[in-house]
Amino acid sequence: MARATARDRRRLPAALAVPAVAGAAFLVLPLIGLLARAPWTDLGSLLRSPVVADALRLSLFCATLATGLSALLGIPLAWVLARSTSRFVALLRALVTVPLVLPPVVGGVALLLTLGRTGVVGQYLDRWFGISLPFTTAGVVVAEAFVAMPFLVVTVEGAFRSADRGLEEAAATLGASRLFALRHVTLPLIVPSLLAGAVLSWARALGEFGATITFAGNFPGRTQTMPIAVYLAMESDPGAAIALALVLLVVSVAVLAALRDRWLPRGGAV
Amino acid sequence: MNRPLSVRRAGLAIVALVLSGMAAACSSSPGTPASGSSSGPGSTPAVTGTVTVFAASSLKETFTSIAKRFEAAHPGTTVVLSFAASSALATQITSGAPADVFASASAKDMATLTSAGAATAPTTFATNSLTVVVPSANPAQIASLADLARAGVKVAQCQPAVPCGVLAAKVLATAGLTVTPATLEPDVKSVLTKVRLGEVDAGLVYVTDAVAAAGSVTAVPMPAGVNATTAYPIAALSHAANPAGARAFVDAVVSAEGLAVLKAAGFGAP
Amino acid sequence: MSAELPSRAQSRGSDVRSRAQGLHAANGTPERRPTGLVIDGQVERGAFRLDLSLDLAPGRVTGLLGPNGAGKTTALRTICGLTPLSSGSIRLDGIPLDDVNAEIFVPPERRPVGVVFQDYRLFPHLDVRGNVAFGARARGVGRESARAAADAWLERLDLSGLATRRPAELSGGQAQRVALARALATEPAALLLDEPLAALDARTRLGIRAELRAHLRTFAGPVVMVTHDAVEALVLADDLVVIEGGRVTQRGSPNEVARRPRTDYVARLMGVNLYRGSLDRSTHTVELLGGGRLVVTGADQLRDVADVLVTLAPTAVTLHAERPDRSSPRNVWAGVVRAMEPLGERVRVEVAGPPDALVDVTPAAVADLALRPGSQVWLSAKATETYAA
């Protein structure tokens with residue numbers, strides 16, 4: 001009797017257990033639905049079709065390039081945000097994280113109006129350098145970097161903030177310029193956060209749809225990434241859409257697993 | 001999948017669901033067939049509630065206008081319009097999206113529904129054909145359909161799974177032209193937008209779209225003998241939450257007044 | 001008269017004032033001459049204000065002594081450039097590092113100033129050699145020559161065996177030596193140490209302190225060492241500067257400061273007798289340089305028996321009118337009261353030995369023993385409270 005009571009006390013209160021189970025089901029059931037409706041028998045041939053192969057290759061290629069671009073521009077930006085004492089830095093921080101909350105389609109429209117052939121900046125790119133980003137693979141990379149870079153910036157800025165300033169000071173007294181200290185002291189120390197930020201933005205870029213289709217359009221092999229292929233296939237060939245979705249699911253889960261196991265516990269700052 | 005477009009659609013669907021649910025709860029006799037006696041808008045004031053209409057993108061202007069007249073003729077009714085590629089709408093309806101009426105830009109997508117039992121007895125109410133549109137400035141100096149095949153000309157057309165894409169492929173094949181489009185847009189309005197913004201040199205859109213956007217794009221006449229037409233069927237859906245409203249709206253479209261609106265927008269007679 | 005450490009000051013350094021004149025003479029030429037570090041400036045941060053006026057000669061160790069929050073660390077930071085002056089100037093060997101009026105500010109990475117931080121701040125991702133080679137690498141020296149130079153410094157500081165260790169794998173004392181090697185490897189013109197022994201446990205502190213003293217002696221430029229430990233200051237510093245509340249409240253040789261404390265803080269802190277001598281290991285007795293001998297504890301840990309420091313707290317010495325019974329305290333000697341100074345609830349009595357000693361007694365004891373300058377007294381101290389260092 002006493003044991004039973006003790007056991008009861010250890011049980012989750014229903015007020016928590018019910019919504020918790022509902023929440024878990026809400027998140028997990030759609031994945032199960034996807035698996036349940038997957039055309040397993042045709043999966044092999046669907047995945048070998050050139051459309052899928054092209055879309056997957058393009059997705060991986062563009063997401064990786066977008067992550068590289070995000071790191072190249074985002075790490076210096078994060079450093080400035082973390083280290084600047086300017087009054088305008090708070091405003092700048094708010095502005096550069098806007099793409100985090102902006103609907104991606106809006107981001108795509110903004111990109112089109114800015115970097116498009118007739119855009120505010122794009123018209124000069126086109127006129128002076130003959131560069132036109134929309135409807136190109138480079139355009140996909142730009143659209144993905146636009147939505148993905150804030151993830152890296154936010155993560156890395158947090159890491160810079162929590163990094164030991166004392167070590168940068170020590171480096172300075174040893175004759176290191178700020179750039180040298182950044183390269184040889186601070187960056188090596190925030191590698192876990194850098195990787196976490198890179199993986200987050202890579203995953204975001206891989207799943208990017210709205211900004212990409214708006215800015216870069218859709219053409220198989222050139223700008224048709226996996227999410228666009230899924231979306232368009234859904235209208236004509238739901239089986240193929242599910243097959244594509246499964247591939248994205250597998251890649252996402254793999255990335256998430258890598259992130260959880262290797263970086264999140266230590267990185268912390270995410 | 002966190003796709004903004006599908007989120008928007010889901011939002012619409014939820015709104016439609018809630019509204020139709022409310023309408024069903026409010027209307028005193030939801031099951032009463034009002035269609036038997038209705039012969040046109042204005043003749044049967046018994047129609048109430050919300051009518052949810054899924055219509056092809058190319059019907060945006062005309063159906064918006066017809067819906068306004070319909071609401072005026074039937075006080076207390078609300079028409080909720082959802083425009084997208086016909087194929088996308090057909091997929092949504094077969095997946096259970098709550099719609100009362102479906103107006104398609106191709107017989108094929110309507111056939112998908114009739115064969116699934118989701119719709120019966122479709123009526124063809126209009127036809128449409130393609131035209132080339134160019135930005136007002138006409139940067140690539142497009143003068144004929146054949147110019148679209150020139151190297152360096154950026155062309156936007158619909159993706160092959162949607163009716164305007166099917167039509168575009170048919171037209172180009174008939175003309176014996178090989179065009180490599182810069183982008184295959186998910187629906188005809190996206191094509192028009194890319195032309196309007198000047199991001200592409202030319203687009204293949206419906207004649208009706210060229211009429212609607214006459215101020216911002218210029219239509220280039222199609223050579224005789226190559227154009228193809230698509231038929232627009234409309235049907236009340238079997239699972240309509242507001243069958244009386246659905247019937248009345250279909251009648252309104254095929255009424256003399258409705259056909260006049262369509263004709264004024266450039267649609268061909270059925 | 002005295003067996004106390006500050007005799008070193010007289011033997012090694014020359015008069016600070018004459019050095020200052022030498023500096024003025026060198027003012028016009030940009031060429032660096034070892035004329036020392038001259039600070040005359042202020043730092044203001046909110047309500048806190050640090051007002052410094054220091055003239056530090058090459059080859060001398062200046063101890064910056066003061067309570068927490070007094071501005072000692074801020075003083076160090078202004079010298080190495082991590083905190084700019086609000087007004088005034090800092091010159092090292094005649095060359096301005098910071099001059100507010102002249103709008104000169106040399107950033108830390110271009111100042112020839114080495115720093116050993118309190119927590120050492122070793123780079124955790126680099127091994128010991130990488131840490132020591134860092135300065136050379138930062139100055140553009142190639143990898144190989146930077147490593148070779150680092151190895152030479154590791155050799156000098158007896159760290160060669162630890163070259164491939166990470167900082168996390170070092171003991172406190174080892175980390176301190178690596179930090180010192182890293183700072184010295186940049187061949188600075190001045191060396192700053194922020195509480196160099198504070199992070200060490202009491203047991204290792206003695207040995208490290210002796211080592212540090214040896215290394216500081218070989219350094220040619222001015223050395224500034226922040227501390228709030230009296231023994232550390234007495235053992236390592238040639239001159240003391242006491243900072244309280246952002247102001248210099250006293251300066252002088254450790255001997256002077258200990259003997260004539262100007263503030264309560266200094267009096268409490270510097271209440272320590274310090275002697276030098278040579279140790280006889282078998283009897284645990286130190287023969288003091290200025291005469292007299294003391295039986296000590298802690299002698300086992302000492303490496304160098306020829307030069308031993310002995311500390312004795314003034315409260316650990318007892319005064320007697322008659323020669324006390326030899327049974328309990330091991331150290332008993334005679335002396336004459338030279339001066340008396342009230343110190344809070346106690347009285348600090350300066351007794352001439354040998355060895356000389358400061359003794360803190362209660363006012364009641366002063367009355368009982370009828371103490372006054374010139375009184376003949378006996379002193380006693382337990383060997384267990386007489387520490388060899």
Matching residues, segment B:153-175, being farther than 17 Å from residue B:108 by Cα, within 11 Å of another protein chain (Cβ to nearest Cβ) and not in a loop (DSSP other than H, G, I, E, B): B:155, B:156, B:157
Residue list for segment B:177-206, filter: of a type in the set (Val, Ile, Thr) and either free of Cβ contacts under 8 Å to residues at least 60 places away in the same chain or touching a Phe, Trp or Tyr at 6+ places or on another chain (Cβ under 8 Å) (or both): B:178, B:179, B:180, B:183, B:188, B:191, B:193, B:200
Test: residue in segment C:134-148 that is in contact with a strand residue (DSSP E or B) (Cβ under 8 Å, 6 or more places away or on another chain), surrounded by fewer than 21 Cβ atoms within 10 Å (Cβ to Cβ) and not charged (D, E, K, R): no
Residue under evaluation residue C:164, criteria (1) modelled with pLDDT under 90; (2) out of contact with any strand residue (DSSP E or B) (no Cβ under 9 Å at 6 or more places or on another chain); (3) in a loop (DSSP other than H, G, I, E, B), criterion not met: (1)
Count of residues meeting criterion [within 9 Å of another protein chain (Cβ to nearest Cβ) and within 15 Å of residue A:142 (Cβ to Cβ)] in segment A:216-245: 4
Residue among C:332, C:366, C:351, C:377 that is open to solvent by 20 Å² or more (accessible area, probe 1.4 Å) and within 16 Å of residue C:292 (Cβ to Cβ): C:332
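Yes or no, residue by residue, for (1) of a type outside the set (Ser, Thr, Tyr); (2) assigned by TED's automatic domain parsing to the domain that holds residue C:348; (3) part of a helix (DSSP H, G or I):
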| position | (1), (2), (3) |
| --- | --- |
| C:235 | yes, no, yes |
| C:240 | yes, no, no |
| C:243 | yes, no, no |
| C:256 | yes, no, yes |
| C:277 | yes, yes, no |
| C:282 | no, yes, no |
| C:287 | yes, yes, no |
| C:291 | yes, yes, no |
Whichever residue in segment B:248-270 is among the hydrophobic types (A, V, I, L, M, F, W, C), open to solvent by 30 Å² or more (accessible area, probe 1.4 Å) and touching a Phe, Trp or Tyr at 6+ places or on another chain (Cβ under 8 Å) and, among such residues, is nearest to residue B:214 (Cα to Cα): B:259
Residue A:204 vs. criteria open to solvent by 40 Å² or more (accessible area, probe 1.4 Å), under 22 Å from the mean Cα position of the chain (by Cα) and within 11 Å of chain B (Cβ to nearest Cβ): yes
Condition met for residue A:118 (touching a residue at least 60 places away in the same chain (Cβ under 8 Å), farther than 24 Å from residue C:182 by Cα and within 12 Å of another protein chain (Cβ to nearest Cβ)): no
Boolean, residue C:90 is open to solvent by 30 Å² or more (accessible area, probe 1.4 Å), in contact with a Pro (Cβ under 9 Å, 6 or more places away or on another chain) and either of a type outside the set (Asp, Glu) or at pLDDT 90 or above (or both): no
Residues of segment C:88-134 classified as in a strand (DSSP E or B) and of a type in the set (Lys, Arg), total: 1
Residues (more than 14 Å from chain A (Cβ to nearest Cβ) and open to solvent by 10 Å² or more (accessible area, probe 1.4 Å)) located in segment B:176-209: B:176, B:177, B:178, B:207
Filtered residues of segment C:60-87 (kept if within 14 Å of chain A (Cβ to nearest Cβ), part of a helix (DSSP H, G or I) and within 20 Å of residue C:112 (Cβ to Cβ)): C:76, C:77, C:78, C:79, C:80
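For every residue, the table says whether it meets (1) charged (D, E, K, R); (2) open to solvent by less than 20 Å² (accessible area, probe 1.4 Å); (3) modelled with pLDDT of 75 or more.
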{"residue": "C:194", "(1), (2), (3)": "yes, yes, yes"}
{"residue": "C:214", "(1), (2), (3)": "no, no, yes"}
{"residue": "C:233", "(1), (2), (3)": "no, yes, yes"}
{"residue": "C:243", "(1), (2), (3)": "no, yes, yes"}
{"residue": "C:265", "(1), (2), (3)": "no, no, yes"}
{"residue": "C:294", "(1), (2), (3)": "no, yes, yes"}
Those residues of segment A:179-193 which are more than 10 Å from chain C (Cβ to nearest Cβ) and small (Gly, Ala, Ser), in sequence order: A:193
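The values are calculated or read from the model by the stated rules, or taken from the named source; none is laboratory data. Source: prediction; values computed, not measured. Don't worry about glycine lacking a Cβ; one is built from the backbone with ideal geometry, like all the others, and counts go over all protein chains shown. Please note that ligands, DNA and RNA were not included when accessible areas were found on the heavy atoms of the full protein model with its side chains. Shrake-Rupley method; radii C 1.70, N 1.55, O 1.52, S 1.80 Å.
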